2 protein chains.
Amino acid sequence: MMDLPSILLTQAVEQFASLPGVGKKTALRLVLHLLRQSEQDVTRFADSLTTLRREIHYCRVCHNISDTEICPICSSNRRDKQTICVVENIQDVMSIENTGQYNGVYHVLGGIISPMDGIGPKDIEIDSLIERIEPEQIHEVILALPTTMEGDTTNFYIYRRLQPTGVRVSQIARGIAFGNELEYTDEITLGRSIVNRTPFVG
Amino acid sequence: MMDLPSILLTQAVEQFASLPGVGKKTALRLVLHLLRQSEQDVTRFADSLTTLRREIHYCRVCHNISDTEICPICSSNRRDKQTICVVENIQDVMSIENTGQYNGVYHVLGGIISPMDGIGPKDIEIDSLIERIEPEQIHEVILALPTTMEGDTTNFYIYRRLQPTGVRVSQIARGIAFGNELEYTDEITLGRSIVNRTPFVG
């Protein structure tokens, strides 16, 4: 890597380069951009990060990020409180909210079971999910985890833990994505979408 | 754009998204990464930016970034102080230093003339370049600006300003880049590289 002409510059670039997907060249470009901003603007940038980190809350019920103890979705009286959609992270909540197709509440695991990365069931919010079923009189748990091996493992583990409660467990539909050509769809997806075909509604 | 579940989160994401080449989705990913770091780590990140912005110096001679009033290159006694290489920005200094092919000093313009962006000769370090020629007894000025219309305009402007001083003015070689196929080289580059052909050294 190139030698930077300043220790202060080097330190700032190293901080940026520690972010995921940011290489040294990009980090340098970003830091030089900040250098061209006013001192006040840079302070505002820095403060927004430290304030967020210091003051952020996670919803006590669903573990989504929130400025309040209970998030707006969990405290809304227009949501169906008896349906929980289980997701890996808060981006997934936002993606599902953006579809406008879901009116229940969420449960954010904060990760998925991944033995390779040393993440077990105790490291994510599974116990707290199980504990919600009875007091909140949950009717249905919708599993909306990634369609990967880790996602499948987590789905299966949660399903086994939920069985004693008698709650209905479903998972989001898997199949050919909208607009995709069969020719370019991978074999597993295509094979499963034939096995799990649904009645045609004409 | 998606609705974020927290005002603090929104503010931090907006700050990151104001950086060049960082979209809202990337900004969110970076902020969520920082949220997973310790409060101490986030403070260190933020401090590195504010400290840099507050304490950075620009070399009084060449305008490169420096922790000291005169940068290490300008104060080195192993550099040829009578040759100045004129570059647009500090990244260019680093790129040229990395080649190991240059032993003179630099002059960082901090931009190039671009009427479209409202950048004129007075907005960049051209006067200070002219003022260096006589007292520093400069023998040669090497123009190493981008090979764009703005670069050419700036080259020509500097050349005209330098003429009265009698200093030798050169520009970095233009032609086919190392490893490039002629077939995929643009017409202008290829055409010029024929016109400006150099003797073959066998």
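List the residue pairs whose Cβ atoms are under 8 Å apart, where the first residue sits in the stretch A:31-57 and is farther than 15 Å from B:I7 by Cα, the second is among the aliphatic types (A, V, I, L, M) and open to solvent by 20 Å² or more (accessible area, probe 1.4 Å), and the two are 6 or more positions apart or on different chains.
Listed pairs, sorted by first residue: A:L35/B:I56.
Hey, could you check the stretch A:72-90 for residues that are within 17 Å of A:Q137 (Cβ to Cβ) and touching a Gly at 6+ places or on another chain (Cβ under 8 Å) and say which is farthest from the other protein chains (Cβ to nearest Cβ)?
By that ranking, first place goes to A:Q82.
Could you please find all residues in the stretch A:45-66 being exposed (fewer than 15 other Cβ atoms within 10 Å of the Cβ) and facing chain B (nearest Cβ under 7 Å)?
Scanning the stretch A:45-66 gives A:R54, A:E55.
Given the conditions (1) facing chain A (nearest Cβ under 8 Å); (2) assigned to a loop (DSSP other than H, G, I, E, B), report the number of the one that B:L34 does not fulfil.
(2)
Being in contact with a strand residue (DSSP E or B) (Cβ under 9 Å, 6 or more places away or on another chain), closer than 25 Å to B:R29 by Cβ and at pLDDT below 95 is true for just one of A:G110, A:G120. Which residue is that?
Working: A:G120 fails: at pLDDT below 95.
Unique residue meeting the criteria: A:G110.
Looking only at the stretch B:91-111, count every residue that is part of a helix (DSSP H, G or I) and either more than 8 Å from every other protein chain (Cβ to nearest Cβ) or acidic (D, E) (or both) and tell me the total. Working first, answer last.
Just the residues of the stretch B:91-111 that are part of a helix (DSSP H, G or I), to begin with: B:91-99.
Next, from what is left, pick out any that are either more than 8 Å from every other protein chain (Cβ to nearest Cβ) or acidic (D, E) (or both): B:92, B:96-97, B:99.
Matching residues across the stretch B:91-111 total 4.
Does the stretch A:112-140 hold any residues that are touching a residue at least 12 places away in the same chain (Cβ under 8 Å) and part of a loop (DSSP other than H, G, I, E, B), and which are they?
A:I112, A:I113, A:I124, A:E125, A:I126, A:E134, A:E136, A:Q137, A:I138, A:H139
Looking at the structure I just gave you, is B:I133 of a type in the set (A, V, I, L, M), under 18 Å from the mean Cα position of the chain (by Cα) and either at pLDDT 95 or above or more than 21 Å from A:T10 (Cβ to Cβ) (or both)?
no
Looking at the stretch B:158-193 only, could you name the residues that are open to solvent by less than 100 Å² (accessible area, probe 1.4 Å) and in a helix (DSSP H, G or I)?
B:I158, B:Y159, B:R161, B:L162, B:Q163, B:T165, B:T189, B:L190, B:G191, B:S193
Given the conditions (1) assigned to a helix (DSSP H, G or I); (2) more than 8 Å from chain A (Cβ to nearest Cβ), report the number of the one that B:E69 does not fulfil.
Here B:E69 meets the rest and fails (1).
Tell me whether the stretch A:76-90 contains one or more residues that are closer than 21 Å to A:S128 by Cα, touching a Phe, Trp or Tyr at 6+ places or on another chain (Cβ under 9 Å), part of a loop (DSSP other than H, G, I, E, B) and open to solvent by less than 20 Å² (accessible area, probe 1.4 Å).
No, the stretch A:76-90 contains no residue that is closer than 21 Å to A:S128 by Cα, touching a Phe, Trp or Tyr at 6+ places or on another chain (Cβ under 9 Å), part of a loop (DSSP other than H, G, I, E, B) and open to solvent by less than 20 Å² (accessible area, probe 1.4 Å).
When residues of the stretch A:1-28 are filtered for being facing chain B (nearest Cβ under 7 Å), surrounded by 14 or more Cβ atoms within 10 Å (Cβ to Cβ) and modelled with pLDDT of 90 or more, how many remain?
Of the residues in the stretch A:1-28, 7 are facing chain B (nearest Cβ under 7 Å), surrounded by 14 or more Cβ atoms within 10 Å (Cβ to Cβ) and modelled with pLDDT of 90 or more.
Quick check on B:T83: is it of a type in the set (S, T, N, Q) and closer than 30 Å to A:E97 by Cβ?
no
How about the stretch B:163-197: which of its residues are touching a strand residue (DSSP E or B) at 6+ places or on another chain (Cβ under 7 Å) and either among the hydrophobic types (A, V, I, L, M, F, W, C) or farther than 22 Å from B:E88 by Cβ (or both)? So that I can check it myself, show each step before the final result.
Step one: filter the stretch B:163-197 for residues touching a strand residue (DSSP E or B) at 6+ places or on another chain (Cβ under 7 Å), giving B:167-172.
Result: B:V167, B:V169, B:I172.
Within the stretch A:108-129, which residues are over 24 Å from B:P5 (Cα atoms) and open to solvent by less than 70 Å² (accessible area, probe 1.4 Å)?
A:I113, A:S114, A:G118, A:I119, A:G120, A:P121
Please specify each residue of the stretch B:141-157 satisfying the condition of being surrounded by fewer than 18 Cβ atoms within 10 Å (Cβ to Cβ) and either in a helix (DSSP H, G or I) or without any contact (Cβ under 8 Å) to a residue 40 or more places away in the chain (or both).
The answer is B:T147, B:T148, B:M149, B:D152, B:T153, B:F156, B:Y157.
List the residue pairs whose Cβ atoms are under 9 Å apart, where the first residue sits in the stretch B:91-111 and is without any contact (Cβ under 8 Å) to a residue 12 or more places away in the chain, the second is surrounded by fewer than 19 Cβ atoms within 10 Å (Cβ to Cβ) and outside any loop (DSSP other than H, G, I, E, B), and the two are 6 or more positions apart or on different chains.
So the pair list comes out as B:Q91/A:K25; B:Q91/A:R29; B:Q91/A:L32.
The values are calculated or read from the model by the stated rules, or taken from the named source; none is laboratory data. The structure displayed is predicted, hence computed values, not measured ones. Every residue, glycine among them, receives a Cβ derived from its backbone with ideal geometry; neighbour counts consider all protein chains shown. The accessibility values were calculated without ligands, DNA or RNA, using every heavy atom of the protein model including side chains. Shrake-Rupley method; radii C 1.70, N 1.55, O 1.52, S 1.80 Å.
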